[in-house]
Amino acid sequence: MNQDDVVDRLRRVDLNLLVALQALFEARSVTRAGERLGVTQSAMSHTLKRLRSLFDDPLLVRGEGGLGLTPRAEALAQRLPPVLRAVEGAFEEPEGFNPATSRRVFRLAAPDLFDALVYPRLLSDLAAEAPGVRIEATSLRADLASALQSGELDLAIRPTLVDRGWAVSFGPELHPDLIQRKLFADRFLSFVRMEHPVSSRERLSARVFSSLDHVLVSAGDRGPGVVDAALQARGLERNVRFRVPTFSTAVALAVSTDATLTGPGALAQFDRRLRPLRVDLALPDHALLMVWHRRVDRDPAHQWIRRRLDASAAPLAASLTGSRPPRPRRSGRSGRTKMGP
């Protein structure tokens, strides 16, 4: 019998008939089987008639002491209980996730700054709680939504602008089947090396700031960033000397040259050789979101790794709260720009 025939036969089977058949096997009486299932003797007799038609066999025949089983029924009586238990199991909640014994591999995508600041703590936590669990980290990608939908990625950490009034694109729009939760908020700050000619200044005007050399972090977009949008509103333009894909490269340039780096305030914890600048230029707040597909929302293992990431990111989130310099006066805003500070 081919697969199509099997599917067609199963489609015509009423699962309630198999439950009734098991009751008949156990009770060896139409009346008692009906009582067990809460139906009348007449209804149970009708069910037995349908079962005989389904299996093309009398199944139960009258004899001394009640109903006896035919050879076909005896074979079914051996096979039916595990089948019913398997069907019942399909409706049970899945077994819980045990991190202590799991060998699960979680595939995560995040900005490289998040990798450097949060993953060491995550690895330390996993070493004690889940020694067999492995993490495969990768960078954010253009097909993020499809990778989460297909299961190629389990989870992504994605930046977004908090102030929706800024017409700035921070990556592609995500599919409505993706769930997002904020990990923490941060602000854009500008940094230079300690020995930079302007590092000792109390505050920089937007004009002086724009005249400096700049490094722009841009993973793939070729357009301007949020700094360019804010400067453009002032009629200013900065000199982007370097455009690089990662913050680690940008920091290496900022601490070894006179290039100015604008990025998340968390950069101050990434490299202590960076000195934050106070610039008379308003930039939007941003946040990091944890993103996953709706199909794994209730998966115990997935819920666990989300809790672990929350806990591992909590110290960084706490360090960013209450340590922000005063915000400069907000200026006008420009049109849509590309991702990157």
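The values are calculated or read from the model by the stated rules, or taken from the named source; none is laboratory data. As the structure is a computational prediction, the values presented were derived from the model and not from experiment. Please note: Cβ atoms are built from the backbone with ideal geometry, for glycine as well, and neighbour counts cover all protein chains shown. Side chains included, ligands, DNA and RNA excluded: accessible areas come from the protein's heavy atoms. Shrake-Rupley method; radii C 1.70, N 1.55, O 1.52, S 1.80 Å.
Regarding G171, is this residue part of a loop (DSSP other than H, G, I, E, B), modelled with pLDDT under 90 and among the small types (G, A, S)?
Working: part of a loop (DSSP other than H, G, I, E, B): yes; modelled with pLDDT under 90: yes; among the small types (G, A, S): yes.
Yes.
Given the conditions (1) closer than 16 Å to R79 by Cα; (2) buried (at least 16 other Cβ atoms within 10 Å of the Cβ), report the number of the one that F55 does not fulfil.
The failed condition is (2).
I'm trying to understand the selection: among the residues of the range 74-99, which are assigned to a loop (DSSP other than H, G, I, E, B), open to solvent by 70 Å² or more (accessible area, probe 1.4 Å) and at pLDDT 85 or above? Reasoning before the result, please.
Taking the range 74-99 as the starting set, the residues that turn out to be assigned to a loop (DSSP other than H, G, I, E, B) are 91-99.
Checking the rest, the ones that are also open to solvent by 70 Å² or more (accessible area, probe 1.4 Å) come to 91-95, 98.
Scanning the range 74-99 gives a single hit, N98.
Considering only residues of the range 128-143 that are out of contact with any Leu (no Cβ under 7 Å at 6 or more places or on another chain) and open to solvent by less than 60 Å² (accessible area, probe 1.4 Å), which is farthest from N98 (Cα to Cα)?
L140
Taking the range 210-231 only, how many residues are among the polar types (S, T, N, Q) and either assigned to a helix (DSSP H, G or I) or free of Cβ contacts under 8 Å to residues at least 60 places away in the same chain (or both)? Please lay out each step first, then the result.
Restricting attention to the range 210-231, the residues satisfying the condition of being among the polar types (S, T, N, Q) are 210-211, 218.
Of the ones still in play, those that are also either assigned to a helix (DSSP H, G or I) or free of Cβ contacts under 8 Å to residues at least 60 places away in the same chain (or both) are 210-211.
Residues that pass the stated criteria total 2.
If you check every pair at least six apart or on different chains, which have Cβ atoms under 9 Å apart with a residue in the range 26-46 that is free of Cβ contacts under 8 Å to residues at least 12 places away in the same chain and open to solvent by less than 70 Å² (accessible area, probe 1.4 Å) first and a residue that is of a type in the set (V, I, T) and not in a helix (DSSP H, G or I) second?
Within 9 Å, the pairs are G34/T40.
Here is a list of conditions, (1) over 15 Å from E74 (Cβ atoms); (2) within 50 Å of the chain's Cα centre (by Cα); (3) polar (S, T, N, Q), and Q22 meets all of them except one; can you say which number that is?
Condition not satisfied by Q22: (1).
List every residue pair whose Cβ atoms sit under 6 Å apart, with the two residues 6 or more apart in sequence or on different chains, where the first one lies in the range 60-72 and is at negative phi and the second, anywhere, is of a type in the set (A, V, I, L, M, F, W, C) and surrounded by fewer than 14 Cβ atoms within 10 Å (Cβ to Cβ).
From the range 60-72, the pairs are G68/V61.
Could you give me the residue pairs with C-beta distances under 9 Å whose first residue belongs to the range 234-253 and is under 24 Å from V208 (Cβ atoms) and modelled with pLDDT of 95 or more, whose second residue is open to solvent by 50 Å² or more (accessible area, probe 1.4 Å) and hydrophobic (A, V, I, L, M, F, W, C) wherever it lies, and which are 6+ apart or on separate chains?
Qualifying pairs under 9 Å: A250/F242; V251/F270; L253/F242.
Collect the residues in the range 144-164 that are open to solvent by less than 70 Å² (accessible area, probe 1.4 Å) and among the acidic types (D, E), keeping them in residue-number order. Before the answer, list the steps.
Initial filter on the range 144-164 (open to solvent by less than 70 Å² (accessible area, probe 1.4 Å)): 144-148, 151, 153-161, 163.
Passing the criteria: D154, D163.
Taking only the range 109-124 into account, find how many residues are over 13 Å from L288 (Cα atoms) and open to solvent by less than 10 Å² (accessible area, probe 1.4 Å).
The qualifying residues number 1.
Being at pLDDT 90 or above, in a loop (DSSP other than H, G, I, E, B) and not acidic (D, E) is the filter here; which residues of the range 174-197 pass it?
M194, H196, P197
Scan the range 111-138 and report the pairs whose first residue is free of Cβ contacts under 8 Å to residues at least 12 places away in the same chain and whose second residue is of a type in the set (G, A, S) and buried (at least 16 other Cβ atoms within 10 Å of the Cβ), with Cβ atoms within less than 9 Å and a gap of 6+ or a chain change.
P120/S312; S124/S312
Search the range 198-209 for residues that are over 20 Å from Q232 (Cα atoms) and pair each with any residue that is among the hydrophobic types (A, V, I, L, M, F, W, C) and open to solvent by less than 100 Å² (accessible area, probe 1.4 Å) when their beta-carbon atoms are under 6 Å apart and the residues are at least 6 apart or on different chains.
Going by the 6 Å Cβ cut-off, the qualifying pairs are S199/V192.
Which residue out of S200, S218 is crowded, with 17+ Cβ neighbours inside 10 Å and modelled with pLDDT under 95? Spell out the reasoning first.
Values: S200 fails: crowded, with 17+ Cβ neighbours inside 10 Å.
Criteria check complete, one pass: S218.
Given A313, A266, which one is open to solvent by less than 50 Å² (accessible area, probe 1.4 Å), in contact (Cβ under 8 Å) with a residue 24 or more places away in the chain and farther than 30 Å from A233 by Cβ?
Details: A266 fails: farther than 30 Å from A233 by Cβ.
After ruling out the rest, the residue left standing is A313.
Which of the residues belonging to the range 223-239 are within 22 Å of D285 (Cα to Cα) and touching a strand residue (DSSP E or B) at 6+ places or on another chain (Cβ under 8 Å)?
Once the filter is applied, which keeps residues that are within 22 Å of D285 (Cα to Cα) and touching a strand residue (DSSP E or B) at 6+ places or on another chain (Cβ under 8 Å), the range 223-239 yields G223, P224, G225, V226, V227, D228, A229, R238.
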